[in-house]
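Engineer: Pasting a structure below so you can have a look.
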Amino acid sequence: ANFSEQVVESFPSDISTGIYYGWACVGNGDVHKMVLSIGWNPFYKNIKKSVETHIIHTFKEDFYGEILSIVITGYIRPEKNFDSLAALISAIQEDIEEAKRQLDLPEHLKLKEDNFFHQPEGKIVNNH
């Protein structure tokens, strides 16, 4: 799930590029573990910064147009380039496994239940 350019531009300018983990919620649905990439994706030679969320869950259908709420709870590694697509895929799988391990820790698990994910419908939080 990629955030729009407008959302990416509203991220704090001093946030380091790299791979993060945390929690994500689509619409008013359940909260799931996620891995987040912030940066330029050097393997694909992007010229614009992007914020891409990989929700660790299999959805039954697309959720284009839904509101995606995230809470970033930790940092895995800096952004880097890869020699091959296979190496990139392998690193992504390692990032997912690290995120799962970290998010099972009590200090991260408690954030899954944070009120941020359960706002009354239509309520704006932090101007979003």
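The values are calculated or read from the model by the stated rules, or taken from the named source; none is laboratory data. Keep in mind that what you see is a predicted model, and the values were worked out from it rather than measured. When we count neighbours, we look across all protein chains shown, and the Cβ atoms used for this are built from the backbone with ideal geometry, even at glycine. Just the protein is used for accessible areas: all its heavy atoms, side chains included, with ligands, DNA and RNA removed. Shrake-Rupley method; radii C 1.70, N 1.55, O 1.52, S 1.80 Å.
Engineer: Through the Karplus equation 6.51 cos²θ - 1.76 cosθ + 1.60, θ set to phi - 60°, convert the phi angles of segment 96-104 into ³J(HN,Hα) values in whole Hz; use x for Gly and Pro.
Structural biologist: Once θ is set to phi - 60°, the couplings for segment 96-104 become 4, 5, 5, 4, 4, 4, 5, 6, 7 Hz.
Engineer: Same structure again: Return one whole number: the accessible area per residue of the chain in Å², for a 1.4 Å probe.
Structural biologist: 67
Engineer: ³J(HN,Hα) across segment 10-24 via Karplus (A = 6.51, B = -1.76, C = 1.60, θ = phi - 60°), whole Hz, x for Gly/Pro?
Structural biologist: 8, 5, x, 5, 8, 6, 5, 6, x, 10, 10, 10, x, 10, 9
Engineer: Expressed as a rounded percentage, what relative contact order does the chain have, with Cα pairs under 8 Å and six or more residues apart?
Structural biologist: In percent, rounded to a whole number, it is 30.
Engineer: Share of segment 3-79's accessible area from carbon and sulfur, percent, 1.4 Å?
Structural biologist: Here it works out to 52 percent.
Engineer: At a Förster radius of 22 Å, what calculated FRET efficiency corresponds to the Cβ-Cβ distance of residue 59 and residue 17, to the nearest 0.05?
Structural biologist: 0.25
Engineer: Then there's this: In debye, nearest 20: dipole of segment 5-117 around its Cα centre with unit charges on the Cβ of K, R (+) and D, E (-)?
Structural biologist: Taking the Cα centre of segment 5-117 as origin, the dipole is about 180 debye.
Engineer: Please give the FRET efficiency for residue 81 paired with residue 111, using the beta carbon to beta carbon distance and R0 = 35 Å, rounded to the nearest 0.05.
Structural biologist: 0.65
Engineer: Which one of 23, 63, 115 has its Cα pushed farthest toward the positive end of the charge dipole of segment 5-117, where Lys and Arg give +1 and Asp and Glu give -1 at the Cβ?
Structural biologist: So the residue furthest toward the plus end is 23.
Engineer: Which of the following values of Cα extents along the principal axes in Å was calculated from the structure shown: [x] 46, 32, 32; [y] 45, 31, 20; [z] 46, 32, 29?
Structural biologist: For Cα extents along the principal axes in Å, the calculated option is [x].
Engineer: Check cross-link reach from residue 80 to the lysines: straight Cα distance under 19 Å, and skip same-chain residues fewer than eight apart.
Structural biologist: Leaving aside lysines fewer than 8 places away in the same chain, those within reach of residue 80 are 45, 48, 49.
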